[in-house]
1. Take each of the peptides 7-14, 52-59, 20-27, average the number of other beta-carbon atoms within 10 Å over its residues, and list them starting from the highest.
2. Each label point is 7 Å from the Cα along the Cα-to-Cβ direction; what then is the distance between the points at Glu23 and Glu57, in nm?
3. If I model a spin label as a point 7 Å beyond the Cα along the Cα-Cβ vector, how far apart are those points for Arg12 and Arg34 in nm?
4. Rounded if a/c is under 1.5, else prolate if a/b is larger than b/c, else oblate: which is the range 1-45, with a ≥ b ≥ c the root eigenvalues of its Cα gyration tensor?
5. In whole Hz and in residue order, list the ³J(HN,Hα) couplings for the range 20-29 that follow from phi through the Karplus curve 6.51 cos²θ - 1.76 cosθ + 1.60, θ = phi - 60°; x for Gly and Pro.
6. Taking amide H positions as placed 1.01 Å from N in the peptide plane, with prolines and chain starts having none, which residues 5 or more places from Phe32, or on another chain, fall under 5 Å of its amide H?
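Here, each number is a calculation from the coordinates, and none is a lab measurement. Values in this document were obtained by computation on a predicted structure and should not be read as measured data. Reconstructed Cβ throughout: ideal geometry from the backbone, glycine too, with neighbour counts over all protein chains shown.
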Amino acid sequence: MAPSPMQSSYDRESGILYLRIREGNPERTEEFSRTAEVYVDVDAEGNVLGLEALSFEDLGRACEERGGKLDVPEKWGENSPDSGGVVIHRDR
């Protein structure tokens with residue numbers, strides 16, 4: 001059975017972003033960041049099932065806290081010079 005692709009959901013009203021990384025039954029939710037409201041859902045074996053950020057700003061702070069960066073283009077679309085989408089990466 002092939003793993004299911006990562007899925008995301010965003011609630012415009014509350015600003016909450018959820019990234020489902022894999023299927024499973026969460027056993028607990030743990031803090032992902034000391035400075036931002038970002039949490040991970042973890043199953044009984046310690047596998048990360050999903051990540052919840054209470055805002056894009058919180059997700060950006062959590063990425064920076066862990067040595068990475070969240071890039072969100074100002075414009076979206078095929079005519080935009082930077083239409084690659086949202087990119088989360090670690091500086092190495």
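1. Values: 7-14: 9.4, 52-59: 18.2, 20-27: 13.8.
My ranking of the peptides, most packed first, is 52-59, 20-27, 7-14.
2. Label-label distance for Glu23 and Glu57, simple model: 3.8 nm.
3. So the label points at Arg12 and Arg34 sit 3.8 nm apart.
4. oblate
5. Working through the residues one at a time gives 8, 8, 7, 6, x, 9, x, 9, 7, 10 Hz.
6. Val38, Tyr39, Val40
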